[in-house]
Each structure stands twice: as C-alpha cells, then as structure tokens.
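First the structure, in the form of structure tokens, and then the observations on it.
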Amino acid sequence: MSDRGFDATTPLAAELADLTRRRRALTDVAVPRPTTTRIIAVANQKGGVGKTTTCVNVAAALARFGAKVLVVDLDPQGNASTALGVDHHGDIPSVYDVLVGTTEIADTVVVSPENPHLLCAPSTLDLAGAEIELVTMAAREYRLARALERYRESDAGADVDYVLIDCPPSLGLLTINAFVAAREVMIPIQCEYYALEGVSQLVRNIELVKGHLNPQLALSTILLTMFDARTNLAQQVVDDVREHFADQTLHTLIPRSVRVSEAPSYGQTVIAYDSGSPGAVAYQEAAVEIARRGVTI
Ligand code: ATP
Ligand code: MG
C-alpha cells in the first residue's frame, strides 16, 4: 500500500487504469462508414444470450461515431424498442404491419430520443401471430427483404449506413425473414456453460438460407457477451469459440456489467446511460471492430 492509501498495483487499480486508457482511445478513433448499407441480423435461437443488448448497443455506438443506423425490432417482446426509448404498445405502425404488407418501413420508423442518427422500426405483440399468419402468404420468406429494399430506395432510407435486425430466440419464419433480408449474421454467444450448444444448428440454418434463398448471406461476426473474468469457465468458452470461429470472433469481449442490464429500464442504451462504464466502452470497441472489418467484407 502506498502512503496515499492507494496501491496502483492491485488488480482493481490496473483495471481502472486500463478502462481510462481505452476510454481515451475511443475519443479520437477513426470509424469508417460503409460504402453501401450493411444489413446485419443479430441472431441466436438460444434465449437470453445478449442479442437485444448487443443489437441496441452496437447500433447506438455506431450512431455515436456518426453512422445512421436503423434497428429493426423483429421480436414480439419488443425489448429493442424499449431499450431505444421507443413506444411499442397499442396501435402503432410496426414491423408486423410491414410484414403483412399494410405499411412501409418508413412509416413505422421512430427516431430514438438518445441520438438523431439512431432509428427504430418497433415491434408490437401483434408480431407474435405473424409467424403463423405468414405461413400462407406469398413470398413469405422475402417480406422483410422486399420491404427493406423499398425503404433503401426511398428518400427516408437512402442514406442509412447500417440496419441491425434484432431476431427472436427461435429459428422460425421471423428469423428466416431476417436472414433473407441481411448480408451478414452476427451471433452473440454468452460466456457460459453450453455456450456452443445450438450454434452448429444455427450455422446449418444460415447455410440453408444461403443455399436456397439468399446466396449473399455470411456469418460475419461472433461477439462473446457477459464475460466474467473471475471464472475459468468463461475463459474456456472464449478459447473454445475462438478456436471454432477464428475469423468471425471479435477481439472485444463484452463484460458482465450491472450498468448494461440497468440501462433498458431507463429506456436507454448503456452508451447513453453510462458511456464510460466497462460495458459501454466494450460495446463501442466492438462497434469499431465491426465498422473496420466490414470494409474488407
Ligand atoms: P431473448 O432471447 O429473450 O431475446 P436476448 O438474447 O435478446 O434474449 P438480452 O435480452 O439482450 O438477451 O439479455 C438477457 C439478459 O441479460 C437481460 O436482462 C440483459 O439486461 C442481461 N445482459 C445482457 N448483456 C449483459 C451484460 N453484458 N452484463 C449484464 N447483463 C447483461
Ligand atoms: Mg432479445
């Protein structure tokens, strides 16, 4: 212990010094904008792995770096809409109306109160029925893709840099619509036991969609979430995932952080709620990696 009562060699002090350095690095980081809209489906059929948290925080971070970002909330739970401070109750125009063909995306889009570059196409509970209603509809797998094409051709959507689609925890028609609309899939994987369970099935589904419905689709990104440095298990999961998906896995690890889980209850992303917290810093670093890697995709 030093005579000022603060030992700079403790793990906590080292962690704080590291966070300060990383925060500084983010203040003048150069983040390239894509030359054409990147459409990324954030998917994992396993529940609670951090899909929505990843979707809204990466979106908010990209918007903070100057990109124009649309989040499409494709989950009837509406968690992404909530986290972006966007109303998703009652009789509002929503992604459901887009899928059944009565509304255009542009008419559903709401600007998030936290950033004028951050947009959301909200979902409502109606979407829970869409999976069944879509079954009998023409071009049922292509409905989101076509709607996004029309949006990008419209004045409102022409300059959108990123579309991030928050998928529900299933591999049903909603997720298939996301895979047909997207060029890229991002899989958040929680650093827990059984982390890789289900991922091979997910990868098979991506391959199936690529083979039959959308030849441009690629698994571009894997992001490890809710990492807890105190457990050996979390580190084992990281090593395993990096071994299986060496090219796709981001260097950035998202730590388990209370601030990340608190933010949605304030209708905010952690980027707005506490931008200097470890989770917010990590999500901004992940966004920088995604922006840079995209340049070569
Ligand atoms: P679902 O399958 O239900 O859509 P999901 O995969 O979208 O879930 P999230 O809702 O993003 O998962 O996260 C699940 C829970 O874990 C939420 O309560 C969220 O606040 C919490 N959470 C996510 N990431 C973190 C983190 N880095 N630190 C702490 N809590 C987190
Ligand atoms: Mg979710």
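The values are calculated or read from the model by the stated rules, or taken from the named source; none is laboratory data. Keep in mind it's a predicted model, so treat the numbers as computed, not measured. Cβ sites come from the backbone with ideal geometry, for glycine too, and all protein chains shown count toward neighbours.
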| Taking into account only those residues within the range 210-236 that are touching a residue at least 40 places away in the same chain (Cβ under 8 Å) and under 20 Å from the mean Cα position of the chain (by Cα), which is surrounded by the fewest Cβ atoms within 10 Å (Cβ to Cβ)? | ALA218
| query | What is the one condition in (1) out of contact with any Gly (no Cβ under 8 Å at 6 or more places or on another chain); (2) closer than 17 Å to THR252 by Cβ that ARG23 does not satisfy? | reply | (1)
| message | Looking at (1) small (Gly, Ala, Ser); (2) modelled with pLDDT of 90 or more; (3) not in a loop (DSSP other than H, G, I, E, B), which one does ALA14 not meet, given that it meets all the others? | response | (2)
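Looking at ALA67, ALA41, which one is within 13 Å of ligand 2 (Cβ to nearest atom), at pLDDT 95 or above and of a type in the set (Gly, Ala, Ser)? First the steps, then the outcome.
Values: ALA67 fails: within 13 Å of ligand 2 (Cβ to nearest atom).
Testing whether each residue is within 13 Å of ligand 2 (Cβ to nearest atom), at pLDDT 95 or above and of a type in the set (Gly, Ala, Ser) leaves just ALA41.
Inside the range 59-71, can you point out the residues that are in contact with an Asp or Glu (Cβ under 8 Å, 6 or more places away or on another chain) and either surrounded by fewer than 20 Cβ atoms within 10 Å (Cβ to Cβ) or under 13 Å from SER112 (Cβ atoms) (or both)? Let's see the steps before the verdict.
Filtering the range 59-71 down to residues in contact with an Asp or Glu (Cβ under 8 Å, 6 or more places away or on another chain) leaves 60, 62, 67-69, 71.
The answer is ALA60, LEU62, LYS68, VAL69, VAL71.
Here's the yes/no breakdown for (1) more than 16 Å from ligand 1 (Cβ to nearest atom); (2) crowded, with 21+ Cβ neighbours inside 10 Å; (3) in a loop (DSSP other than H, G, I, E, B):
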| position | (1), (2), (3) |
| --- | --- |
| ASN57 | no, yes, no |
| GLY90 | yes, no, yes |
| PRO113 | yes, no, yes |
| GLU131 | no, no, no |
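Inspect all residues belonging to the range 29-40 and state whether any of them is in contact with a strand residue (DSSP E or B) (Cβ under 8 Å, 6 or more places away or on another chain), of a type in the set (Ser, Thr, Tyr) and within 16 Å of ligand 1 (Cβ to nearest atom). Even if it seems obvious, please write down each step before you answer.
Of all residues in the range 29-40, those in contact with a strand residue (DSSP E or B) (Cβ under 8 Å, 6 or more places away or on another chain) come to 34, 37-40.
Going one step further and asking which of them are of a type in the set (Ser, Thr, Tyr), we end up with 37.
Now narrow it down to the ones that are within 16 Å of ligand 1 (Cβ to nearest atom): none.
No, the range 29-40 contains no residue that is in contact with a strand residue (DSSP E or B) (Cβ under 8 Å, 6 or more places away or on another chain), of a type in the set (Ser, Thr, Tyr) and within 16 Å of ligand 1 (Cβ to nearest atom).
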| If the Cβ limit is 7 Å and pairs must be 6+ apart or interchain, which residue in the range 155-169 that is free of Cβ contacts under 8 Å to residues at least 60 places away in the same chain and of a type outside the set (A, V, I, L, M) pairs with which residue that is assigned to a loop (DSSP other than H, G, I, E, B) and within 16 Å of ligand 1 (Cβ to nearest atom)? | none
| Is there a residue in the range 24-44 that is touching a Lys or Arg at 6+ places or on another chain (Cβ under 6 Å), farther than 29 Å from GLN284 by Cβ and buried (at least 17 other Cβ atoms within 10 Å of the Cβ)? | no
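Among the residues of the range 178-224 satisfying the criterion of being touching a Lys or Arg at 6+ places or on another chain (Cβ under 6 Å) and outside any strand (DSSP E or B), which is nearest to ligand 2 (Cβ to nearest atom)? Spell out the reasoning first.
In the first step, residues of the range 178-224 are kept if they are touching a Lys or Arg at 6+ places or on another chain (Cβ under 6 Å); the result is 188, 198, 216-217.
Of the ones still in play, those that are also outside any strand (DSSP E or B) are 198, 216-217.
Details: GLY198: 15, GLN216: 25, LEU217: 21 Å.
Step by step, filter the range 178-224, then rank; the result is GLY198.
Kindly indicate the residue of the range 263-292 that is part of a helix (DSSP H, G or I) and free of Cβ contacts under 8 Å to residues at least 40 places away in the same chain and also surrounded by the fewest Cβ atoms within 10 Å (Cβ to Cβ) among those meeting that condition.
First, pick out the residues of the range 263-292 that are part of a helix (DSSP H, G or I): 263-266, 270-273, 278-292.
Going one step further and asking which of them are free of Cβ contacts under 8 Å to residues at least 40 places away in the same chain, we end up with 265-266, 273, 282, 289.
Values: SER265: 10, TYR266: 13, TYR273: 22, ALA282: 25, GLU289: 16.
Among those residues, the one meeting the criterion is SER265.
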| note | Only unsatisfied item for VAL260, checking (1) part of a helix (DSSP H, G or I); (2) over 18 Å from ALA287 (Cα atoms), is (2)
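Does the range 181-195 contain any residue that is farther than 20 Å from ILE40 by Cβ and loosely packed, with under 13 Cβ neighbours inside 10 Å? Show your work before the answer.
Here is the first cut: in the range 181-195, the ones farther than 20 Å from ILE40 by Cβ are 191-195.
With loosely packed, with under 13 Cβ neighbours inside 10 Å added as a condition, the list becomes 193-194.
Yes: one or more hits.
Quick check on this structure: which one of ALA67, ALA59 is within 17 Å of ILE222 (Cα to Cα) and of a type outside the set (Phe, Trp, Tyr)?
ALA59
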| query | When you look at ALA138, is it touching a Phe, Trp or Tyr at 6+ places or on another chain (Cβ under 7 Å) and either among the aliphatic types (A, V, I, L, M) or part of a loop (DSSP other than H, G, I, E, B) (or both), yes or no? | reply | no
| request: Give me a count of the residues in the range 115-127 that are surrounded by 16 or more Cβ atoms within 10 Å (Cβ to Cβ) and under 22 Å from SER170 (Cβ atoms). | output: 7
